[in-house]
Amino acid sequence: MPDDFSPLPQDPDAEAALLGSMLLGPDCIQAVLEILPRGTSQAFNHPAYCQIFDAACNMHDNDQPIDLVTIESELRHREQYDDTTRDILICR
């Protein structure tokens, strides 16, 4: 690893806000995807944020509505819904 390596900045509140904006509607999702394209979920610090982002992108690609209920259902279907993802979806 180079001596000048520094990790990416981390801001859990900004990551949560970005995910929350994706729940507001298709236009918001499209705006997010222009900045952070599909397949870049690794840009999130928390693994649950990656899972939520990937699920929302998949739902958007399949023209499915995205809200708290449908994203929860998608995460359950992927067997990725647990206390952590629940807390993130509800509390953020």
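What the table shows:
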item	result
Segment Arg86-Ala17, length gained on full extension (0.36 nm per residue, minus Cα span)	23.3 nm
Accessible surface of the chain [probe 1.4 Å, protein heavy atoms]: carbon and sulfur percent	52
The chain - Rg and Dmax from Cα coordinates, angstrom	13.6, 46
Accessible area (Å², per residue) of segment 26-73, counting only protein heavy atoms and a probe of 1.4 Å	56
Volume per residue of the C-alpha convex hull in segment 12-52, rounded to whole Å³	62
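The values are calculated or read from the model by the stated rules, or taken from the named source; none is laboratory data. What you see is a predicted model, and the numbers here were worked out from it, not measured in a lab. Note: areas computed on protein heavy atoms with side chains; ligands, DNA, RNA excluded. Shrake-Rupley method; radii C 1.70, N 1.55, O 1.52, S 1.80 Å.
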